[in-house]
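Below: one structure, written as structure tokens.
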Amino acid sequence: MVADDTHTHARVMFALIRRPTLRATNKEKSYVGSLETFLSLGLGSAANGLTLSNIPCANHDVDPCSRAGIMLCRKHPMLDPGWQPRWIQEEREPRFNNAVYSEHPAYDCLRLSHNETERGAADRDFKLCFAASGDIRNLVQTINGLPAGYRGKCDILLNDIDAITVNRNLVILYALLGSGPSIEQSAEIAMHLMYSSALPPTIAAYLRGCVRVIYGEGANERQMSFRCSLRTRGRGKIYSMQSTMAMRRPMEMFHSTYDLRKGLKSKRTIITDTEHVDDVDRAFASLRPAHRLALAHFRRKGVLAPFALSTRGFTEPNRLMYTAGGNWLGHARANPLEGWNVSDVLATGAKHNVDSADIIGCLFFHVKEELIEFARRMKEFRIDLHLTQFSPPLLSKGISIGALPAFTEGCFDRVDTADLADREGIPELLFDWGPMGTKKTKLEGVLAHGTKSPTLMRLLESLDAFVDHGKAFREYLCAEQVDVTSKDLGLRVRRCNRVNPKRFGVSIDAPQQRLPDLLRDEFYNLFTIGGGDLLTRFVEFEATQ
């Protein structure tokens with residue numbers, strides 16, 4: 001099935017125009033109808049579908065107030081500086097799980113300032129590969145790092161083995177980059193699709209329209225693969241190729257019919273599960289009181305929005321976040337701040353007069369601004385996105401035999417392999433991706449402590465930042481025969497990284513710096529609330545010639 005132009009979108013939506021746009025069911029309103037109908041209602045986050053440019057008044061019980069809300073003034077037990085985790089309150093031993101959930105802050109995989117330079121890249125064509133992409137954050141940061149007025153051509157391959165991840169990304173990118181809503185509206189839509197477990201009816205309807213345009217009547221099971229080509233509001237296109245069989249589960253999710261009540265019940269069950277309550281409290285114990293409350297509020301409401309914004313209008317489930325039966329796909333410790341530079345998040349919030357205490361409100365405006373800039377650049381520049389769903393080793397072999405016409409062996413300027421080194425081992429990763437033009441990879445460490453006192457936990461976690469593990473890491477690389485393997489493939493480990501510093505908290509401009517040199521607020525933003533892993537090491541490879 002190929003959806004190849006914007007007229008397809010119009011035909012699908014106009015075909016629905018005779019349907020009623022409002023239906024009452026069990027005293028609740030559910031919207032159905034055409035895209036044009038919902039565009040007329042607005043697709044933003046605020047009341048009446050307006051987009052949000054500043055903080056609204058938090059007093060929802062009186063007539064609407066037009067004044068911007070500035071202060072976050074709430075009384076809550078979590079704001080008490082003496083707040084204690086439940087295992088302390090209940091005088092019992094904590095029960096921690098070994099699983100570590102961490103999202104590294106997004107980064108620009110080109111970092112032109114340390115490589116080709118912005119002037120040298122202005123007319124240059126790039127081919128980039130995210131071999132295990134997960135989500136679109138690194139893609140967004142990379143495109144936003146291109147020079148203004150970029151005149152080259154960029155082909156970007158985003159792959160992940162998980163079909164739900166790939167199709168969620170495909171829908172989000174089309175909702176953000178497809179023609180129809182304004183770029184600002186599209187940015188708020190995409191942001192909620194990424195982070196909010198509930199949606200306003202208009203956005204939920206627009207999501208259904210996007211799914212219909214992308215997939216039509218669904219994948220043809222008589223064909224082994226599904227391919228689509230989608231136009232954007234700019235010169236580039238979004239392509240996808242994936243296994244038809246693997247698409248079955250995400251397609252069932254997107255066309256499901258459960259209501260929000262069922263979805264939120266499942267979410268509530270997971271985030272309040274007694275098996276994980278101590279893990280959550282351990283994370284909360286390290287936070288400042290206002291941030292603890294902000295994250296607790298987000299967990300309860302499930303909507304990425306400023307604290308003062310009423311979410312009563314978010315009455316539909318986000319079907320990208322639940323199984324076909326309405327089971328939430330997130331985990332108990334989900335924290336949307338783990339994945340962004342928190343210092344930048346707070347700076348963006350300050351520009352919109354958001355108090356730093358409302359850190360989720362700061363994140364709302366930061367993600368929105370990043371997505372707006374990304375969408376503008378995708379409109380102006382010549383950039384094609386190619387989304388695939390294969391195991392990374394299979395994908396590299398497919399590229400070698402010409403299965404993806406846009407890419408050939410040795411064509412990539414960057415290959416971002418995420419945590420594949422941990423999953424597959426560095427030698428295997430190099431054998432798969434070395435011939436593709438691999439320039440870097442990322443290693444991810446796992447950090448776990450088992451102790452009872454939150455104060456002692458914070459102390460031990462802080463001490464890890466001031467231990468030089470460089471020698472142990474070099475011994476690990478030697479044991480893995482990384483130098484030998486890379487030499488055989490015409491590669492070498494870079495002595496000085498040029499995309500990411502070798503560990504979080506050190507400057508890429510100070511290659512001899514081995515330990516973080518951070519102020520207290522910087523440490524808190526990067527490691528405590530931002531999810532930076534103290535033991536993560538970045539290693540980059542380059543061609544010897």
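The values are calculated or read from the model by the stated rules, or taken from the named source; none is laboratory data. Only a predicted model underlies this, so the values are computations on that prediction, with no experimental measurement involved. Reconstructed Cβ throughout: ideal geometry from the backbone, glycine too, with neighbour counts over all protein chains shown. The protein model used for the area step is the full one, side chains on, heavy atoms only, and it has no ligands, DNA or RNA in it. Shrake-Rupley method; radii C 1.70, N 1.55, O 1.52, S 1.80 Å.
Quick one: would you say Asp123 is open to solvent by 80 Å² or more (accessible area, probe 1.4 Å), part of a loop (DSSP other than H, G, I, E, B), among the charged types (D, E, K, R) and modelled with pLDDT under 85? Taking the combined requirement at face value, the residue does not satisfy it.
If we keep just the residues of segment 487-508 that are without any contact (Cβ under 8 Å) to a residue 60 or more places away in the chain and among the charged types (D, E, K, R), which is surrounded by the fewest Cβ atoms within 10 Å (Cβ to Cβ)? Looking at the filtered set, the residue picked out is Arg495. The residues in segment 195-217 that are open to solvent by 10 Å² or more (accessible area, probe 1.4 Å) and either out of contact with any helix residue (DSSP H, G or I) (no Cβ under 6 Å at 6 or more places or on another chain) or not in a helix (DSSP H, G or I) (or both) can be counted, and the count is 7.
Inclusion of Ala334 among residues that are closer than 24 Å to Glu522 by Cα, of a type in the set (Gly, Ala, Ser) and open to solvent by 30 Å² or more (accessible area, probe 1.4 Å) is warranted.
Name the residues in segment 507-545 that are at pLDDT below 80 and over 29 Å from Arg333 (Cβ atoms), would you? Residues satisfying the conditions are Pro511, Gln512, Gln513, Arg514, Gln545. Taking the conditions (1) β-branched (Val, Ile, Thr); (2) within 28 Å of the chain's Cα centre (by Cα); (3) at pLDDT 80 or above; (4) exposed (fewer than 14 other Cβ atoms within 10 Å of the Cβ) in turn, Val484 satisfies each one other than (2).
Just to verify a result, which residue in segment 388-425, among those that are more than 21 Å from Val539 (Cα to Cα) and touching a Phe, Trp or Tyr at 6+ places or on another chain (Cβ under 7 Å), is surrounded by the fewest Cβ atoms within 10 Å (Cβ to Cβ)?
Selected residue: Gly398.
Considering only segment 443-456, I want to know if a residue exists there that is more than 30 Å from Arg288 (Cα to Cα), open to solvent by 20 Å² or more (accessible area, probe 1.4 Å) and either assigned to a helix (DSSP H, G or I) or modelled with pLDDT of 75 or more (or both). The answer is no, given that none of the residues of segment 443-456 is more than 30 Å from Arg288 (Cα to Cα), open to solvent by 20 Å² or more (accessible area, probe 1.4 Å) and either assigned to a helix (DSSP H, G or I) or modelled with pLDDT of 75 or more (or both).
Residue selection: Ile136 satisfies the criterion of being without any contact (Cβ under 8 Å) to a residue 60 or more places away in the chain, under 26 Å from Pro405 (Cβ atoms) and surrounded by 20 or more Cβ atoms within 10 Å (Cβ to Cβ). Listed conditions (1) part of a helix (DSSP H, G or I); (2) crowded, with 18+ Cβ neighbours inside 10 Å are all met by Leu287, apart from (1). In segment 290-401, counting only helices (runs of 4 or more DSSP H) that sit wholly within it, the ones holding 2 or more residues that are under 18 Å from Ile136 (Cα atoms) span 342-351, 359-380.
Could you say whether any residue in segment 479-498 is assigned to a helix (DSSP H, G or I) and in contact with an Asp or Glu (Cβ under 8 Å, 6 or more places away or on another chain)? No, every residue in segment 479-498 fails to be assigned to a helix (DSSP H, G or I) and in contact with an Asp or Glu (Cβ under 8 Å, 6 or more places away or on another chain).
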